[in-house]
Structure formats: C-alpha cells, structure tokens
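First up is the structure itself, then whatever we jot down about it.
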Amino acid sequence: MEKACQQDGVSNIINKLCADLIQSDGVRICQQLLKHERCLVVLDDLGNDIEKMRNLLDEVKPILGNGSLLVLANQFQHMLLELNVGFVVTLEHERAILIICYAEGDRINKGFLIHLRETFHMLGLDVRLLKKDEVMSDRTRLENAKVILCIISRTFSNGDLKSMFSNADISSKIVHISYGSYPSTDESIPEPLFKMEVDFERKELDKGRFRKMVNTVVQTLKRHKEIMKPAVDFPVGLAGRSSDIESNIQGCYMTMSGESLQCFGLVGMGGAGKTTLAMAIYNKIHSKFEGSFFSVNTRAEVQDKGRLGLVAVQKKIVGNLLRLKEDVTINDEVHGKAVLSEKLSNINALVVLDDVDEERHLDALYKPLESCLGPKSVVIITTRERKILQSARPTKAFDIGGLGKEMSKLLFYWHDFMRPKPPVELEEVSERAIEAYDGLPLALKVVGSYLYNVSDKSSWEERLTYLQKNKREIFDVLRISFDGLEDDEKEVFLDICCFLIDEEEDLACAVLNACYGMGRTYLHELQNKCLIATYVDKG
C-alpha cells in the first residue's frame, strides 16, 4: 500500500480503494454502491505522518457502509493510539529458540560447546544446551525449538536420534554435527537441514563450513535480515558479558518504562569488545521496539566523510527508523537535528551509537533523539571516553574490561590453532603469549591469527618476538586514544607506563605532582580515556 505521507498519497489510496471495491475510481459512486454493504478494508504501512493519516480516515469512513470493518496496520503503535482506534493488537516476534543436544559422557570439548553457544547467542538466538539424558526423559523440552542441533558422538548414535524424534516430523529443522569418528547420516533418518563433521584429533575446525551452518540456521529462523553480523569468527566470552548487561538494561527498561528514554553506556579501551557486545545486545532486543538502528563505528564514518559525516549518520537514523526507501533531505547537521526531532517524534526505538568520541557527535545525534523519541526508547552509546557518557547522563554505564584467563585462552587457541586447545608442545609458550596481552580481545585475536599454522616452537617464539616489534594492527587501534591526548598528558602516560606500574596511587600522584605540578588530575583524565586503571591490592 502506498504511504499516506507520500505526495498525493491520500488521494491515490482513496482511488485504489474504490477501484478494488467496485472497479471504479469514483468516490461518490463508490459511496452510493457501498451504502448498504459490509466491507473489510485493511490499510497497511501508511507511514508516520499523523495528519495525513487522519485525513485519509476522514475520507475513507464516509465511503464505507455501516457494519464495515476498517483495519489499520502500522509499525508505530503510538500513532494508532492517537487515531483513537477501537482497539490495538500488538504482534510480537516469535522467539527464535535453538536447542543444542549432546551426550555428557563423550568428552565433547567444553570449548567447542561454548563456541556453539556464543556464536548463536551473538546473533540474538535463545540458545539452550541440553544433555541427551534430559531430552530422553522429557521430550517436551524440544517442543518450542525451531532448530535442534544434535552432536552425534560415541553414546549419542543415529539410532538414539531416531527414537528421540520418532513421534514428530522435524527433519526440516535438525542439524547434525558428527563429533569424532562417528557417522552423522543414516538412510533411515530423513535428510537433515545441515550436516558437518568435527574431529579435533585429526583436523582443525572447518571455519567456512561452520559459518555456512550458522547462516543456514539463522535463515531457517528467518532472522537473517534483521540482525547485525559482527565480523567475529570466535565470540569467546560474549554470552556471559552481554547477558549481564542485557538483563540490567531490561531491568531498568521495565521499571522505568513510560517515564522517559533510557540511555546506557559501554565504556572501555580500544579493542576491548564494546562493539561486538553492543551488537549481541542489539540482536537480542531490537525486535521489542517499533524501529531500530545501529550506527557502526560512528567516529570513523564522521572522519571519512568530513563536513557531511554527521549528516550521513543523521540520514541513516531517520531512514532506518522510518524504513524509508529514499534518503531524507538534510542540508547540514543543524538542519539534521531539526529533522530528527520532527520526523521521529514519539517513536519507541532502539538506537546504538557506536564509538562516539566527541561532544559534537552527542549534540548532533543523541541530543535530538533524547528530546523526541518515545518514552519506551533505548539508546546505547559505546565510547572510549568517560566524559562522553557523563555528558549523556546515562541511566547506567558499564565498564568493559578484558577477558578472564580461561576465556582468553580459548580465544587465542581458536585463532592460533582453529581448535579449543593447543598442541602439548606449544601449551607453555602459548600461555606466556596470552598473559602478555592481559585479556584484550583484539590483541589475542591478532596475535593468534598471526601465529596460525606455525607448529615449530622456535619459529613460533621468533614470530611472536617479531610481532611485538612490528605488527601495527593492535597498536593502531590503541593509538587512537593516545593520539587524542594533549602533549603533557602523553608525557604523563608514558611516565606511568615506564616507572609507575603497580605503584601506590598516592605515590604516583606525588611523583607526577613533582614533575608536572599536578598528579591526581592527570590520573583522572587518563582513567576517563580508559588508558589506565587503578585497583585494590587484596594480597
């Protein structure tokens, strides 16, 4: 249906309505012929111009006879309420449940199970790990699953799989993963949705095949057009961190919904995984809102497009939230603020502003959203700068630190060896490399990928030394925060790195005060930029 907000949209809709009902575009003739008829008319996707929608209803109602039913479908619930419709039905997305079924006693590597769970969690699916015995004792656990991923192993045979699903026609939503040297197919079992083999004793993970399996599952669940797909092959440590933040956001949202827009911040140093976490949260909750948009790497986009960078982001926000097919006209960022305030009024939306590092970004993007979006809206800001979040006055801010030791190992092992554990001869040297990067996901990923396919210990150590001196990918990301410092702040930061690591905070302040005339202020500024951290020694 043509949108009412388009040029001549109302008159075009009226003409089409008459043509469909009586094969004539004459409004008066249509009104006379339908005077004693009961009609069902559905007006779908009419746009977001409330005045034109009112005009349309004022013209449609006199055409239809008594007893007719008029149904309006719109993505914006608040507009239907403003039109005083008889009642509103809210259609919610069906939960995308994925069950991973495995045999507990078959020594299936825990790291592989974590990888499966984290990958699908990152894409917004509701993932449940169930042991074979749990399913066999209560098959109702499978009832709501759209896709069931079965790991065929020593004590989980094709026969078990067949008996488990003997009373249900579910062949179109089963994924077979053969773990170890156990066949994943059986002629008596219908062809599965997807099948692949995993045997870490003989070969590394087939990353391309694994990615294809993931895409097949996501497309089967009809979620592939709605989600953000992070450029991350091994989202280790993601589920726990994103679930904690997501539950906090949901808690605040539920308790404060109806009062005003809620803003949440993710703050941490470059390479800590803020963007990936934000994408996982976005994928999980975006369907609860009337519209959603994720502004990826805002800082880089604004820099790349110069003076029109912020205008480009403003256009994307309006276009995505209103689902426009053509760009909205915005002359400059000041005009863009007015357009956002006018076009997005009262829409309950989820917006993620990723990598915001300047006040003018907030002023051009967040401030108009804060003043115009509906009270059930959520804005998530990721940044390296605590001052940015302080200016945004978030409901809650989350510090994104490094991964713990076990998750750091897993991330490194996947990138280095394409397996959840290293060869025995490289285990000790791997641990030294992991400890050197202190849980920073970007560093673990880059170093692991650089050392991939190097199996000789001496060559491995030589490459690691070379990497520490020459590889720029890690340092280019970390340099962004350093380059944003004033000259004296850079000097202070380098002094801390060289001389004051693990020293008492009071001692560090005294040293800096003696050298630069102030100490605690510099520490505070560097902490705000996530370049240093203080801790309490519990030893």
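Within the stretch 416-438, the set of residues being assigned to a loop (DSSP other than H, G, I, E, B) and more than 16 Å from residue 236 (Cβ to Cβ) comprises just one member, 423. Contact map, the stretch 337-348: first residue closer than 12 Å to residue 76 by Cβ and of a type outside the set (Val, Ile, Thr), second residue open to solvent by 50 Å² or more (accessible area, probe 1.4 Å) and not in a helix (DSSP H, G or I), Cβ cut-off under 7 Å, separation 6 or more or different chains; pairs are 348/376. Within the option set 485, 478, being open to solvent by less than 20 Å² (accessible area, probe 1.4 Å), within 31 Å of the chain's Cα centre (by Cα) and modelled with pLDDT under 80 holds for one residue only, 485. If the condition is being farther than 25 Å from residue 237 by Cα, open to solvent by 60 Å² or more (accessible area, probe 1.4 Å) and of a type outside the set (D, E, K, R), then the stretch 439-468 contributes 455, 458, 465, 466.
Please enumerate the residues belonging to the stretch 380-435 that are closer than 30 Å to residue 292 by Cα and basic (Lys, Arg).
Residues of the stretch 380-435 that are closer than 30 Å to residue 292 by Cα, as a first pass: 380-403.
Residues satisfying the conditions are 384, 386, 387, 393, 396.
Here residue 352 clears all of (1) modelled with pLDDT under 90; (2) open to solvent by less than 20 Å² (accessible area, probe 1.4 Å) except the condition numbered (1).
Which count do you get for residues in the stretch 28-84 that are assigned to a helix (DSSP H, G or I) and not aliphatic (A, V, I, L, M)? Walk me through how you get there before you give the answer.
Filtering the stretch 28-84 down to residues assigned to a helix (DSSP H, G or I) leaves 28-33, 50-63, 77-82.
Among the residues that remain, those that are also not aliphatic (A, V, I, L, M) are: 28, 30-32, 51-52, 54-55, 58-59, 61-62, 77-78, 82.
Counting residues in the stretch 28-84 that are assigned to a helix (DSSP H, G or I) and not aliphatic (A, V, I, L, M) gives 15.
Here is a yes/no grid of residues against (1) at positive phi; (2) open to solvent by less than 10 Å² (accessible area, probe 1.4 Å); (3) over 21 Å from the mean Cα position of the chain (by Cα):
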{"site": "369", "(1), (2), (3)": "no, yes, no"}
{"site": "379", "(1), (2), (3)": "no, yes, no"}
{"site": "384", "(1), (2), (3)": "no, no, no"}
{"site": "387", "(1), (2), (3)": "no, no, yes"}
{"site": "397", "(1), (2), (3)": "no, no, no"}
{"site": "404", "(1), (2), (3)": "no, no, yes"}
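Are any of the residues in the stretch 323-335 in contact with a Phe, Trp or Tyr (Cβ under 8 Å, 6 or more places away or on another chain) and either in a helix (DSSP H, G or I) or within 20 Å of residue 265 (Cβ to Cβ) (or both)?
Kept after step one, since they are in contact with a Phe, Trp or Tyr (Cβ under 8 Å, 6 or more places away or on another chain), are these residues of the stretch 323-335: none.
No, there is no match, as no residue in the stretch 323-335 is in contact with a Phe, Trp or Tyr (Cβ under 8 Å, 6 or more places away or on another chain) and either in a helix (DSSP H, G or I) or within 20 Å of residue 265 (Cβ to Cβ) (or both).
Can you pull out every residue in the stretch 130-143 that is in a strand (DSSP E or B) and surrounded by 16 or more Cβ atoms within 10 Å (Cβ to Cβ)? I'd like the intermediate steps shown before the answer.
Step one: of the stretch 130-143, the residues in a strand (DSSP E or B) are 130-131.
130, the sole residue that qualifies.
The values are calculated or read from the model by the stated rules, or taken from the named source; none is laboratory data. Source: prediction; values computed, not measured. Quick reminder, even Gly has a Cβ in these numbers, built from the backbone with ideal geometry, and neighbours come from all protein chains shown. The accessibility values were calculated without ligands, DNA or RNA, using every heavy atom of the protein model including side chains. Shrake-Rupley method; radii C 1.70, N 1.55, O 1.52, S 1.80 Å.
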